[in-house]
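One structure below.
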Amino acid sequence: MPDIKHTFTIQAPAAIVYAALTDQGGLASWWTEQTTAETDLGGRMIFDFGERYHNSMTVVDLMENKRVAWHVDEAHPEWVGTVITFDLESDGDVTRLRFRHRDWRELNDFFASCNYQWGRYMESLKRYCETGVGNPWLAVDEILD
């Protein structure tokens, strides 16, 4: 099964990156403002992108400052059953992030589109961790589409 993968460094300590992945405000600051998140292990997280996409996930793994993993429960059919992981490797004030969106059924145009979008949002996560300002999806984006 194919996976989407992105690996990059963030000029911020792992604790800041981890917080951006495990705090509702942090998640809303880099991915989508329409976020409702119970970020403890077993928690349910909702990420909406207007009327177009509704994603419901369960937090399935947490290792403080090292790993975050979500299982996709409800979403576009191509996403259901996939797993999204963020592995953090700390080197002082720099963090290497290894992102994977695992277990896709097939390589297709939707996979390619999501790979592009994940790259965009990984840049937003990086910017948010480094500067405090990300580039999340905004409800106004739907109006502009």
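The values are calculated or read from the model by the stated rules, or taken from the named source; none is laboratory data. Keep in mind that what you see is a predicted model, and the values were worked out from it rather than measured. A quick note on method: Cβ atoms are made from the backbone with ideal geometry, for glycine too, and the neighbour counts reach across all protein chains shown.
Listed values, structure above:
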{"quantity": "Residues being part of a loop (DSSP other than H, G, I, E, B) and surrounded by 14 or more Cβ atoms within 10 Å (Cβ to Cβ) - total across the range 87-104", "calculated": "2"}
{"quantity": "Single condition GLU142 does not satisfy, out of (1) over 21 Å from ASP48 (Cα atoms); (2) of a type outside the set (Gly, Ala, Ser); (3) modelled with pLDDT under 95", "calculated": "(1)"}
{"quantity": "Those residues of the range 43-69 which are part of a loop (DSSP other than H, G, I, E, B) and out of contact with any helix residue (DSSP H, G or I) (no Cβ under 6 Å at 6 or more places or on another chain), in sequence order", "calculated": "GLY43, GLU51, ARG52, GLU64, LYS66"}
{"quantity": "Some residue of the range 45-52 being modelled with pLDDT of 95 or more and over 14 Å from the mean Cα position of the chain (by Cα)", "calculated": "no"}
{"quantity": "Scan of the range 18-41 for residues that are under 15 Å from VAL133 (Cβ atoms) and among the charged types (D, E, K, R), ordered by number", "calculated": "GLU33"}
{"quantity": "Given (1) buried (at least 17 other Cβ atoms within 10 Å of the Cβ); (2) in contact (Cβ under 8 Å) with a residue 40 or more places away in the chain; (3) farther than 19 Å from LEU138 by Cα; (4) β-branched (Val, Ile, Thr), index of the condition ILE84 fails", "calculated": "(2)"}
{"quantity": "The range 6-42, residues that are aromatic (Phe, Trp, Tyr) and part of a loop (DSSP other than H, G, I, E, B)", "calculated": "TRP31"}
{"quantity": "Test for VAL72: is it at pLDDT below 95 and either assigned to a strand (DSSP E or B) or farther than 13 Å from PHE8 by Cα (or both)", "calculated": "no"}
{"quantity": "Evaluation of TYR128 against (1) in contact with a strand residue (DSSP E or B) (Cβ under 9 Å, 6 or more places away or on another chain); (2) within 24 Å of ALA12 (Cα to Cα); (3) outside any strand (DSSP E or B) (one fails), failing number", "calculated": "(1)"}
{"quantity": "Pairs where the first residue, in the range 97-116, is without any contact (Cβ under 8 Å) to a residue 40 or more places away in the chain and the second is surrounded by 14 or more Cβ atoms within 10 Å (Cβ to Cβ), C-beta under 7 Å, 6+ apart", "calculated": "PHE110/GLU78"}
{"quantity": "Matching residues, the range 10-57, being without any contact (Cβ under 8 Å) to a residue 12 or more places away in the chain and under 16 Å from LEU97 (Cβ atoms)", "calculated": "ALA19"}
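To keep it simple, each residue is scored yes or no on (1) under 20 Å from ALA19 (Cα atoms); (2) surrounded by fewer than 20 Cβ atoms within 10 Å (Cβ to Cβ).
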| site | (1), (2) |
| --- | --- |
| GLN34 | yes, yes |
| PHE47 | yes, no |
| VAL60 | yes, yes |
| TRP70 | yes, no |
| ASP73 | no, yes |
| HIS76 | no, yes |
| ASN108 | no, yes |
| ARG127 | yes, yes |
| THR131 | yes, yes |
